[in-house]
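Trainee: Structure in structure tokens, see below.
The values are calculated or read from the model by the stated rules, or taken from the named source; none is laboratory data. It should be emphasised that the depicted structure is a prediction, and the values quoted were computed from it without experimental measurement. Please note: Cβ atoms are built from the backbone with ideal geometry, for glycine as well, and neighbour counts cover all protein chains shown. To get the accessible areas, we keep the full protein, side chains included, count just its heavy atoms, and leave off ligands, DNA and RNA. Shrake-Rupley method; radii C 1.70, N 1.55, O 1.52, S 1.80 Å.
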Amino acid sequence: RAEKTEVLSEDLLQVEKRLELVKQVSHSTHKKLTACLQGQQGVDADKRSKKLPLTTLAQCLMEGSAVLGDDSLLGKMLRLCGEAEDRLAQELIHFELQVERDVIEPLFVLAEVEIPNIQKQRKHLAKLVLDMDSSRTRWQQSVKSSGLASNLQPSGAKADALREEMEEAANRVEICRDQLSADMYNFVAKEVDYANYFQTLIEVQAEYHRKSLALLQNILPQIKAQQEAWMEKPSFGKPLEEHLAVSGREIAFPVEACVTMLLEHGMQEEGLFRVAPSASKLKKLKAALDCCVVDVQEYSADPHAIAGALKSYLRELPEPLMTFELYEEWIQASNIPEQEKRLQALWSACEKLPKANYNNIRYLIKFLAKLTEYQDTNKMTPSNVAIVLGPNLLWPQADGNMTEMMTTVSLQIVGIIEPLIQHADWFFPGDIEFNVTGNYGSPMHVNHNANYSSMPSPDMDHTDRRQHDQARRPLSVATDNMMLEFYKKDGLRKIQSMGVRVMDTSWVARRGTSAVRKMSTTPPSAQAPSELPATPHSPIPEQSPDIPAAPLPAGLGFAPVTEQ
């Protein structure tokens, strides 16, 4: 057969190459887009909805809501989320149907119908060109075999038939070529329409996400409102202001619950706030306080667990009750050598506390002052209470290691808390109602130290007993005892050698009658009227520089060295 004659122009040959590339891209895109559909392709909206994962999820959430009921927060959340997921599923179905109609099906037609038709027509043209070349070759051979000159027309029936066959073949080639050229030029002209498929895809996606976002933004405030309206929120580890705002209280729930229960049956417990509670009891009580549900009867037998829960709440606050902002001011006040000025500085710092913090520290200090009234029985003097509770009320923003906590900073904090307890009625004048909500009542108190489950055996010697204590107690409680020993025996000497003046509080621990101790801890407000502040805004009366300072009232001073 003769060599094939090329009947297409150079431009059309380039279009022919592009046809194959566009077909491959369209086919691949169609396949991947189809795989993105979550519903079953080619079915109506109802059938598609049944197979959609979002619809299944929405049904599961609604069923869970029906099981839990709308009287629980979780049940309400499941119902709202189930409704939202169902509406999202409907939007997704609408989106997929539109993508399928406007993008996937046109791409399928382009890749599997239009371009293959053009390629099929191109193959047909190639066959017609071969037929035309063959008929021309036969006619030329017939002319040569007749012996006539090339410029003369052959004669005879055979030659005429070959010429007619050649002309018919050329005519068919021309018709097919024209049709193919028209289709190819039409393909080039429609490339803008083909590109519009992908623009439509992005527009449909944008509209779907826009509607979905609007739907979620409408449902989200309802979900948040349900959560904010729900009163039973955890309090441990949460900011004080947030807890008070949610619960509508002035005193934090764990503080009031623990203080009120301790007032009923813990005030005479020896080593309160120092003796470690059972870890499991403490964990259970903290969880109960987080749920705002406390069985007073159950915990009446373990005041140490109640005291431990109160210490844990104070320590787990994101910001100490006495605030980071005033930390430096508290420390500077504790370093003032003159007692009169030191107490004035502490009073000034108290007045700068935020209202929520002030109310709670006032409530707590008043309780601790009441606790120390039973120091003959519970052995918790203002000094001891300040040592074990001080680090839970004030600490630096960048916490140091345990050694640092047991040195200057901790002892300074003790020097802050102890006078607050000693002179609670002076710093925070007026009476206070501890049982604010009136929800806590309990049986009569009995001392449970004798049968306290975590106490060591009385047969142990002193060394074994201390090792037992350290092994069984949490780190924070063991640290409390270490700080007591450190502060009483060696801490004061070491800190004074550093040039830091620490308040001498050893007088509160010496033995004596309760009458003497009560007289020595009488706050300034109980002294003679002439010793009270001249104006209510300052607890220390101002003095003229020319007049020597009057001696401090017995309630504000410390025991003389000779008496010690």
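Trainee: Just checking, which of Leu389, Leu364 is within 28 Å of Gly237 (Cα to Cα), assigned to a helix (DSSP H, G or I), out of contact with any Ser or Thr (no Cβ under 8 Å at 6 or more places or on another chain) and modelled with pLDDT of 90 or more? Please lay out each step first, then the result.
Mentor: Values: Leu389 fails: modelled with pLDDT of 90 or more.
Exactly one residue qualifies, and that residue is Leu364.
Trainee: Identify the residue in segment 315-331 that is open to solvent by 60 Å² or more (accessible area, probe 1.4 Å) and part of a helix (DSSP H, G or I) and, among all such residues, is farthest from Ala276 (Cα to Cα). Step through it out loud before you land on a result.
Mentor: Quick first cut of segment 315-331, residues open to solvent by 60 Å² or more (accessible area, probe 1.4 Å) only: 315-316, 318-319, 325, 328.
Next, only the ones that are part of a helix (DSSP H, G or I) stay: 315-316, 328.
Numbers: Arg315: 15, Glu316: 17, Glu328: 31 Å.
By that ranking, first place goes to Glu328.
Each row is one residue, and each column tells you yes or no for (1) out of contact with any helix residue (DSSP H, G or I) (no Cβ under 9 Å at 6 or more places or on another chain); (2) modelled with pLDDT of 90 or more.
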residue: Phe108; (1), (2): no, yes
residue: Val113; (1), (2): yes, yes
residue: Pro116; (1), (2): no, yes
residue: Ser135; (1), (2): no, no
residue: Ser146; (1), (2): no, no
residue: Ser155; (1), (2): yes, no
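Trainee: List every residue pair whose Cβ atoms lie under 7 Å apart, where the two residues are 6 or more positions apart in sequence or sit on different chains, the first residue falls within segment 195-211 and is closer than 15 Å to Cys36 by Cα, and the second residue, located anywhere, is surrounded by 11 or more Cβ atoms within 10 Å (Cβ to Cβ).
Mentor: Leu201/Val99; Leu201/Val103; Val204/Phe95; Val204/Gln98; Val204/Val99; Val204/Asp102; Tyr208/Glu91; Tyr208/Phe95
Trainee: Still on this structure, I have one more. Could you say which residue among Ala89, Ala126 is assigned to a helix (DSSP H, G or I), in the same structural domain as Asp193 (by the TED database), open to solvent by less than 40 Å² (accessible area, probe 1.4 Å) and at pLDDT 90 or above?
Mentor: Numbers: Ala126 fails: at pLDDT 90 or above.
Going through Ala89, Ala126 in turn, just one is assigned to a helix (DSSP H, G or I), in the same structural domain as Asp193 (by the TED database), open to solvent by less than 40 Å² (accessible area, probe 1.4 Å) and at pLDDT 90 or above: Ala89.
Trainee: To continue, here is another question. If I filter segment 59-71 for residues that are assigned by the TED database to the domain that holds Lys190, open to solvent by 60 Å² or more (accessible area, probe 1.4 Å), in contact (Cβ under 8 Å) with a residue 12 or more places away in the chain and farther than 30 Å from Ile223 by Cα, do I get at least one hit?
Mentor: Within segment 59-71, none of the residues are assigned by the TED database to the domain that holds Lys190, open to solvent by 60 Å² or more (accessible area, probe 1.4 Å), in contact (Cβ under 8 Å) with a residue 12 or more places away in the chain and farther than 30 Å from Ile223 by Cα.
Trainee: Let me ask something additional. So which of Ser300, Ser334, Ser312, Ser278 ends up being buried (at least 18 other Cβ atoms within 10 Å of the Cβ), in contact with a Ser or Thr (Cβ under 6 Å, 6 or more places away or on another chain) and among the hydroxyl-bearing types (Ser, Thr, Tyr)? Walk me through how you get there before you give the answer.
Mentor: Numbers: Ser334 fails: in contact with a Ser or Thr (Cβ under 6 Å, 6 or more places away or on another chain); Ser312 fails: in contact with a Ser or Thr (Cβ under 6 Å, 6 or more places away or on another chain); Ser278 fails: buried (at least 18 other Cβ atoms within 10 Å of the Cβ).
The conditions single out Ser300.
Residue-by-condition table, conditions (1) crowded, with 17+ Cβ neighbours inside 10 Å; (2) β-branched (Val, Ile, Thr):
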{"residue": "Leu289", "(1), (2)": "yes, no"}
{"residue": "Val294", "(1), (2)": "yes, yes"}
{"residue": "Ala307", "(1), (2)": "yes, no"}
{"residue": "Glu338", "(1), (2)": "no, no"}
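Trainee: A further question on this structure: If a residue has to be under 38 Å from the mean Cα position of the chain (by Cα), open to solvent by 40 Å² or more (accessible area, probe 1.4 Å) and among the basic types (Lys, Arg) to count, how many in segment 25-48 make the cut?
Mentor: Total satisfying the criteria: 1.
Trainee: Take Glu96 and tell me if it is under 30 Å from Ile219 (Cβ atoms) and surrounded by 20 or more Cβ atoms within 10 Å (Cβ to Cβ).
Mentor: Working: under 30 Å from Ile219 (Cβ atoms): yes; surrounded by 20 or more Cβ atoms within 10 Å (Cβ to Cβ): yes.
Judged against the criteria, Glu96 is a match.
Trainee: Only one residue in Glu168, Glu241, Glu250, Glu164 is surrounded by fewer than 16 Cβ atoms within 10 Å (Cβ to Cβ), over 30 Å from Glu16 (Cα atoms) and without any contact (Cβ under 8 Å) to a residue 40 or more places away in the chain. Which one?
Mentor: Details: Glu168 fails: over 30 Å from Glu16 (Cα atoms); Glu241 fails: without any contact (Cβ under 8 Å) to a residue 40 or more places away in the chain; Glu250 fails: without any contact (Cβ under 8 Å) to a residue 40 or more places away in the chain.
Result: Glu164 is the single residue among Glu168, Glu241, Glu250, Glu164 that is surrounded by fewer than 16 Cβ atoms within 10 Å (Cβ to Cβ), over 30 Å from Glu16 (Cα atoms) and without any contact (Cβ under 8 Å) to a residue 40 or more places away in the chain.
Trainee: Got a sec? Which helices (runs of 4 or more DSSP H) wholly within segment 1-82 have at least 3 residues that are not charged (D, E, K, R)?
Mentor: Details: elements: 10-36, 45-51, 53-68.
In segment 1-82, the matching helices (runs of 4 or more DSSP H) lie at 10-36, 53-68.
Trainee: Further question on the same structure: Can you name every residue in segment 270-307 that is acidic (Asp, Glu) and within 23 Å of Tyr374 (Cα to Cα)? If you could, list the steps in order and put the result at the bottom.
Mentor: Let us first name the residues in segment 270-307 that are acidic (Asp, Glu), namely 270, 290, 295, 298, 302.
Residues satisfying the conditions are Glu270, Asp302.
Trainee: From the list Thr377, Thr403, exactly one residue is assigned by the TED database to the domain that holds Leu263, in a helix (DSSP H, G or I), open to solvent by 10 Å² or more (accessible area, probe 1.4 Å) and at pLDDT 75 or above. Which is it? Explain how you work it out, then say what you get.
Mentor: Values: Thr403 fails: at pLDDT 75 or above.
Sole residue among the options that is assigned by the TED database to the domain that holds Leu263, in a helix (DSSP H, G or I), open to solvent by 10 Å² or more (accessible area, probe 1.4 Å) and at pLDDT 75 or above: Thr377.
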